[in-house]
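Notes follow the structure.
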Amino acid sequence: MYVAVKGGERAIENAHRLLAHERRGDRDVPEVSLAQISNQLGLAVDRVMTEGSLYDRELAALAIKQARGDMIEAIFLLRAFRATLPRFGSSEPVDTSQMQVRRRVSSTFKDMPGGQVLGPTFDYTHRLLDPVLTGESSPEQPAVVTGAEPGIMPRVTDILGRDGLIEASPAEDPEKPVGDLTRDALSFPADRDLRLQNLARADEGFLLSLGYSSQRGYGRNHPFAGEIRLGEVEVEFMAEDVGFAVPLGSITLTECQMVNQFKGSDTEAPCFTRGYGLAFGQSERKVMSMALVDRTLRARELGEDIKAPAQDEEFVMSHSDNVQATGFVEHLKLPHYVDFQSELGLLRKLRKEFADANETPVALQEAAE
Amino acid sequence: MTSSSLNHQQARRREAMGVLGHSVTADIAGYLDALAVPSHEQLRQPENGLVMLRGRIGGDGAPFNLGEATVSRAAIRLASGEVGFGYTLGRDGVKAHLIALCDALIQTVEFSDAVETKVLTPLRARVVADSKRKAAETAATKVDFYTLVRGEG
C-alpha cells in the first residue's frame, strides 16, 4: 500500500534541478549532441530502439542523453513516448531475403552463394583498449571493391530448405490476426508470433543469460548459427487512402537463424529445427540470444520435456521486459510507511508472545522503540 | 496490393515515393525549387504517428509484430485537383509534405516530366551512389578462403 504523502514538492523540484546539473556535467566540457550519440554510440541507440520497441534513432539518442546513459531508463522513456502517438496501422511484413546486406556470416557453410561477409564487426579484434581513441581519432577511409553491386543474398535456411533438411517456417494463416501484446494482455499458452514480439523487446541481458543456460544444458539446445545478417530492408505500408502499399524508407535490421538438432516421426523424415531472432539496428548478441530462446520455447510444440527456465514460456515472457521488471523492483523505494508500520506492529506482538512463552526478556525490544 | 497489380501511374508513383523516402529533406526541397510549383492546399496537415513493423517467423513464415516506427504523413491537393500523399519513416512533417507534393505533381500532365528530370533523376542518382558505396565497402570485407595444404612426410 502506498500513501499519498505531501510536503516533498520543494525537495523534488530541487532534486530534478540537481539531476539536470549533474547530467550536464562539467560545463567547460562541450555538451554531447544527439547526432554524436546517434553516430558514435550507435549500438547503444540500436539497443534502446530495440527494447524501447520504437524505431527512431533521434528519439533513442535523446532518451540516452536524458537518461545519462542509463539504458533501461532510456528504454522506459522511449516506451512512454510511444504511448503519445496514434498508430496508423501495420507494415507489410519485411522481406529479409531482399536485405541490402552489410554483414552476413554462417557457421554452418564455408562456401555459400554470396559468401561470408564480415562487415563492421568486433569479431577478430583483440579486445585491447585502443589509446588512439583517448584523443581525436582519424581512422582510415574504409577499403572498397569498386563496381560491387548491392548484395542481395539467399538465406542459408532457404538453401537447406530446398533439400528438406530443415523444417519449413510456419505458414501464414490469413484468417488469424497477428498477436499484439501492446494491445492485448498476455495469456498462456502463447503462440509463436506473440513470443517473438515479447523476445524482440526483451532485455538483452536476460535473453543472453537464458540462451547461455540452454547451451549449458538447462533446456534442449544444440545450435549452429546458420546465419547472421545485418543490413537495410525496405518497409512498405498499405495506405488505404493512397490505394497501394507505399514505401516508407528502409530500416536497419539484424537477423539470426539458429539451426538446431532434429525432429522426426514415423511419418516425417528427421530434419533440423530452427530458432529465429530479429531486432532493430546492429544487435547481434540480442538476435543470437533471441533465436536460442525462441527455440527453447518451442519445447511444447516439439514434444520436448519442459524442465528448464528457458523452456518455460510463462516464466520467460513474464520476466523478460526490463521496463516492467524495473518498475516492480524500483517501486520498493517508494514510501511504504503504513505497510511497514503494520509489519512492525505484528513483529512486536510476535516477539512479546515469544518472550512471554519463554519468560526471558527481549533485550532490544525497548531499544527498538 | 503487390507491385505487379499496380497500373502504370501507380507503379510510377510508388517508385518515386521510394526514391523520395530515401532522400534528405533539404535535397528534395532544393530540387523542387527548380520547378514553378503550382498552387495547392493541404488536405492533411503533416501528422506524426506510428506504424507497427512486422517481420516473418524464420524470415519467410507467418508474420509477427517486431516493434513500432515513427512515421510522418501528409496529403495535399493541387488547384487542378490532383491529390498527392506523403508517407515517410521518422517525424519530418516537411519531408512528408514534399513527398505528397511530388506525388501530386507526377499525376499532372504539365509537371510529370519536370518532376522526373529535375527532382527524381538527381535524387535517384544520389540514392544509387550511396547504395553502391555501401556495397563497395561491404564487398571489401568478404572472406576469400584458401586451404593450407598439409605437407607430406
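Scan the range A:119-126 and give yes if some residue there is closer than 19 Å to B:ALA140 by Cβ, of a type in the set (Ser, Thr, Tyr) and surrounded by 11 or more Cβ atoms within 10 Å (Cβ to Cβ), otherwise no. Reasoning before the result, please.
Step one: of the range A:119-126, the residues closer than 19 Å to B:ALA140 by Cβ are A:119-125.
Applying the additional criterion that residues be of a type in the set (Ser, Thr, Tyr) yields A:121, A:124-125.
Cutting the leftovers down to surrounded by 11 or more Cβ atoms within 10 Å (Cβ to Cβ) gives us A:121.
Yes, that holds for at least one residue.
Quick test for you: out of A:ARG68, A:ARG103, pick the one residue that is among the basic types (Lys, Arg) and closer than 30 Å to A:GLN141 by Cβ. First the steps, then the outcome.
Numbers: A:ARG68 fails: closer than 30 Å to A:GLN141 by Cβ.
So the residue among A:ARG68, A:ARG103 that is among the basic types (Lys, Arg) and closer than 30 Å to A:GLN141 by Cβ is A:ARG103.
With the structure loaded, tell me whether A:ALA83 is within 11 Å of chain B (Cβ to nearest Cβ) and exposed (fewer than 12 other Cβ atoms within 10 Å of the Cβ) or whether it fails that test. Break it down into steps so the answer makes sense when it comes.
On the way: within 11 Å of chain B (Cβ to nearest Cβ): yes; exposed (fewer than 12 other Cβ atoms within 10 Å of the Cβ): yes.
So A:ALA83 fits the description; yes.
Filter the range A:262-281 down to the residues that are in contact (Cβ under 8 Å) with a residue 40 or more places away in the chain and in a strand (DSSP E or B) and list them by number.
Restricting attention to the range A:262-281, the residues satisfying the condition of being in contact (Cβ under 8 Å) with a residue 40 or more places away in the chain are A:263, A:269, A:271-281.
A:LYS263, A:CYS271, A:PHE272, A:THR273, A:ARG274, A:GLY275, A:TYR276, A:GLY277, A:LEU278, A:ALA279, A:PHE280, listed by residue number.
Are any residues in the range B:18-40 surrounded by fewer than 18 Cβ atoms within 10 Å (Cβ to Cβ) and at pLDDT 95 or above, and if so, which ones?
Within the range B:18-40, B:VAL24, B:ALA26, B:ASP27, B:ALA29, B:GLY30, B:LEU32 qualify.
Select from the range A:89-118 the residues that are closer than 16 Å to B:ASP144 by Cα and part of a loop (DSSP other than H, G, I, E, B) and list them in ascending order. Don't jump to the end; show me each part of the working.
Here is the first cut: in the range A:89-118, the ones closer than 16 Å to B:ASP144 by Cα are A:103-107, A:109-118.
Passing the criteria: A:SER106, A:SER107, A:PHE109, A:LYS110, A:ASP111, A:MET112, A:PRO113, A:GLY114, A:GLY115, A:GLN116, A:LEU118.
Scanning for something facing chain B (nearest Cβ under 8 Å) and of a type in the set (Lys, Arg), does the range A:156-174 turn up at least one residue?
Of the residues in the range A:156-174, the ones facing chain B (nearest Cβ under 8 Å) are A:157-158, A:168-173.
Okay, now just the ones that are also of a type in the set (Lys, Arg), so none.
Scanning the range A:156-174, I find no residue that is facing chain B (nearest Cβ under 8 Å) and of a type in the set (Lys, Arg), so the answer is no.
Considering only the range A:241-255, how many residues are part of a strand (DSSP E or B) and either within 10 Å of chain B (Cβ to nearest Cβ) or under 15 Å from A:GLY161 (Cβ atoms) (or both)?
Step one: filter the range A:241-255 for residues part of a strand (DSSP E or B), giving A:244-255.
If we keep only those that are either within 10 Å of chain B (Cβ to nearest Cβ) or under 15 Å from A:GLY161 (Cβ atoms) (or both) too, we end up with A:244-251, A:253, A:255.
Total satisfying the criteria: 10.
For A:VAL132, which of the numbered conditions (1) loosely packed, with under 12 Cβ neighbours inside 10 Å; (2) assigned to a loop (DSSP other than H, G, I, E, B) fails to hold?
The single condition A:VAL132 does not satisfy is (2).
Residues to consider are A:ALA269, A:ALA279, A:ALA239; find the one that is modelled with pLDDT under 95 and among the aliphatic types (A, V, I, L, M).
Numbers: A:ALA279 fails: modelled with pLDDT under 95; A:ALA239 fails: modelled with pLDDT under 95.
Selected residue: A:ALA269, the only one of A:ALA269, A:ALA279, A:ALA239 that is modelled with pLDDT under 95 and among the aliphatic types (A, V, I, L, M).
Within the range B:41-81, count every residue that is more than 9 Å from chain A (Cβ to nearest Cβ), more than 20 Å from the chain's Cα centre (by Cα) and surrounded by 19 or more Cβ atoms within 10 Å (Cβ to Cβ).
Final tally of qualifying residues: 1.
Inspect the range A:103-112 for any residue being within 11 Å of chain B (Cβ to nearest Cβ), within 30 Å of B:ARG73 (Cβ to Cβ) and aliphatic (A, V, I, L, M) and give the result as yes or no.
no
Taking A:ALA308, is it surrounded by fewer than 23 Cβ atoms within 10 Å (Cβ to Cβ), among the aliphatic types (A, V, I, L, M) and either within 14 Å of chain B (Cβ to nearest Cβ) or out of contact with any Ser or Thr (no Cβ under 9 Å at 6 or more places or on another chain) (or both)? Can you show your working first?
On the way: surrounded by fewer than 23 Cβ atoms within 10 Å (Cβ to Cβ): yes; among the aliphatic types (A, V, I, L, M): yes; either within 14 Å of chain B (Cβ to nearest Cβ) or out of contact with any Ser or Thr (no Cβ under 9 Å at 6 or more places or on another chain) (or both): no.
Taking the combined requirement at face value, the residue does not satisfy it.
Is it fair to say A:ARG47 is crowded, with 22+ Cβ neighbours inside 10 Å, at negative phi and assigned by TED's automatic domain parsing to the domain that holds A:ASP203? Don't jump to the end; show me each part of the working.
Working: crowded, with 22+ Cβ neighbours inside 10 Å: yes; at negative phi: yes; assigned by TED's automatic domain parsing to the domain that holds A:ASP203: no.
Criteria not met by A:ARG47.
Can you pull out the residues in the range B:110-137 that are under 13 Å from the mean Cα position of the chain (by Cα), surrounded by 18 or more Cβ atoms within 10 Å (Cβ to Cβ) and among the basic types (Lys, Arg)?
Of everything in the range B:110-137, just one residue is under 13 Å from the mean Cα position of the chain (by Cα), surrounded by 18 or more Cβ atoms within 10 Å (Cβ to Cβ) and among the basic types (Lys, Arg), namely B:ARG124.
Applying the selection to the range B:17-40, what residues are free of Cβ contacts under 8 Å to residues at least 60 places away in the same chain and more than 9 Å from chain A (Cβ to nearest Cβ)? Even if it seems obvious, please write down each step before you answer.
We begin by selecting, within the range B:17-40, every residue free of Cβ contacts under 8 Å to residues at least 60 places away in the same chain; these are B:18, B:24, B:26, B:30, B:33, B:36, B:39.
Within the range B:17-40, B:VAL24, B:ALA26, B:GLY30, B:ASP33, B:ALA36, B:SER39 meet the criteria.
Test A:VAL242 against the stated conditions and say whether it is more than 13 Å from A:ALA168 (Cα to Cα), touching a Gly at 6+ places or on another chain (Cβ under 9 Å), assigned by TED's automatic domain parsing to the domain that holds A:PHE109 and crowded, with 21+ Cβ neighbours inside 10 Å. Write out each step before concluding.
Details: more than 13 Å from A:ALA168 (Cα to Cα): yes; touching a Gly at 6+ places or on another chain (Cβ under 9 Å): no; assigned by TED's automatic domain parsing to the domain that holds A:PHE109: yes; crowded, with 21+ Cβ neighbours inside 10 Å: yes.
For A:VAL242, the condition - more than 13 Å from A:ALA168 (Cα to Cα), touching a Gly at 6+ places or on another chain (Cβ under 9 Å), assigned by TED's automatic domain parsing to the domain that holds A:PHE109 and crowded, with 21+ Cβ neighbours inside 10 Å - is not met.
Give the range B:89-109 a look and list any residue that's among the hydrophobic types (A, V, I, L, M, F, W, C), touching a residue at least 12 places away in the same chain (Cβ under 8 Å) and either surrounded by fewer than 19 Cβ atoms within 10 Å (Cβ to Cβ) or away from chain A (no Cβ under 12 Å) (or both), or say none.
Of the range B:89-109, the ones among the hydrophobic types (A, V, I, L, M, F, W, C) are B:89, B:94, B:96, B:98-102, B:104-106, B:109.
Going one step further and asking which of them are touching a residue at least 12 places away in the same chain (Cβ under 8 Å), we end up with B:89, B:94, B:96, B:98-102, B:104-106.
Within the range B:89-109, B:VAL94, B:LEU98, B:LEU101, B:CYS102, B:LEU105, B:ILE106 qualify.
The values are calculated or read from the model by the stated rules, or taken from the named source; none is laboratory data. What you see is a predicted model; the values in this text were computed from it and never measured. We place every Cβ from the backbone using ideal geometry, glycine too, and count neighbours over all the protein chains shown.
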